[in-house]
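The values are calculated or read from the model by the stated rules, or taken from the named source; none is laboratory data. This is a predicted model, so every value here is computed, not measured. Note: ideal-geometry Cβ built from the backbone for every residue, glycine included; neighbour counts use all protein chains shown.
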Amino acid sequence: MQLHSIYQFLKSLVWLNKNKLFMKKKAFTLAEVMVVVGILGILVALATPGFRIHIFRARASEAIATMGLIREMEREYFSKHNAYLVVASPNLRNDPGHPTAPGLGIEVGTVQYFSNAAYSVALTWTVSHFTTAPTNPVDFLISANGNASVQCSGAITDCAVRANDIRNYRLEMDNTGRVVISYDSGTNWQAW
């Protein structure tokens with residue numbers, strides 16, 4: 001008999017607790033929601049500048065890779081001709097023996113950011129862009145100009161799909177492989 005009454009007592013407690021759960025609303029107060037939104041806003045504000053730098057560097061890495069290829073082709077050309085080749089902006093894909101517009105025979109095709117037209121090679125060196133002078137003499141300077149990159153449209157095949165994203169980018173690599181970059185059209189330069 002006693003066991004049955006304990007069972008009834010426990011059953012009534014469970015029934016009461018169930019009803020209380022359904023009657024009590026569980027919700028956040030406005031103050032709690034405002035605190036959470038404020039904390040999220042602070043976290044986003046702190047993370048955004050660091051994230052943007054990674055985006056800038058990722059976009060520029062395409063140009064760095066192509067400039068490395070140009071550097072190797074210049075060295076190969078030098079081993080055969082004992083001179084480096086000056087390459088004007090749109091002529092990168094032309095053959096080195098082209099009579100009026102020599103190039104290095106490099107065709108980057110359709111890319112994300114820097115089309116063939118963005119690259120050029122000069123036999124001069126701009127001291128102000130590099131923080132230290134090179135230990136070896138600089139024989140050539142490879143430039144990538146985001147403003148010269150051709151945006152894809154229509155049937156153009158030698159183009160960059162997202163050329164408009166890098167219009168203010170300027171990169172330079174010397175024959176030693178050192179790279180400087182500017183994200184603001186050449187006003188402020190920094191080492192890669």
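A few remarks follow.
- Residues located in segment 101-115, provided they are of a type outside the set (A, V, I, L, M, F, W, C) and either modelled with pLDDT of 85 or more or more than 15 Å from T157 (Cβ to Cβ) (or both): P102, G103, G105, Q112, Y113, S115
- All positions within segment 85-116 that are over 15 Å from S143 (Cα atoms) and among the hydroxyl-bearing types (S, T, Y): T100, T110
- When N82 is tested against (1) surrounded by 10 or more Cβ atoms within 10 Å (Cβ to Cβ); (2) out of contact with any helix residue (DSSP H, G or I) (no Cβ under 8 Å at 6 or more places or on another chain); (3) within 25 Å of T124 (Cβ to Cβ); (4) not basic (K, R), exactly one condition is not met: (1).
- In the set (1) at pLDDT 85 or above; (2) charged (D, E, K, R); (3) in contact with a helix residue (DSSP H, G or I) (Cβ under 9 Å, 6 or more places away or on another chain); (4) in a loop (DSSP other than H, G, I, E, B), D158 fails one condition alone, (1).
- Filtering segment 70-100 to residues that are within 22 Å of T157 (Cβ to Cβ), free of Cβ contacts under 8 Å to residues at least 60 places away in the same chain and within 29 Å of the chain's Cα centre (by Cα) leaves M73, V87, A88, S89, P90, N91, L92, N94.
- Selection count where residues are in a loop (DSSP other than H, G, I, E, B), in contact with a strand residue (DSSP E or B) (Cβ under 9 Å, 6 or more places away or on another chain) and at pLDDT below 90, scope segment 163-183: 2
- Residue check, F130 at pLDDT below 90, surrounded by 13 or more Cβ atoms within 10 Å (Cβ to Cβ) and among the aromatic types (F, W, Y): yes
- Of all the listed residues (I106, I70), the sole one being surrounded by fewer than 18 Cβ atoms within 10 Å (Cβ to Cβ) and of a type in the set (A, V, I, L, M, F, W, C) is I106.
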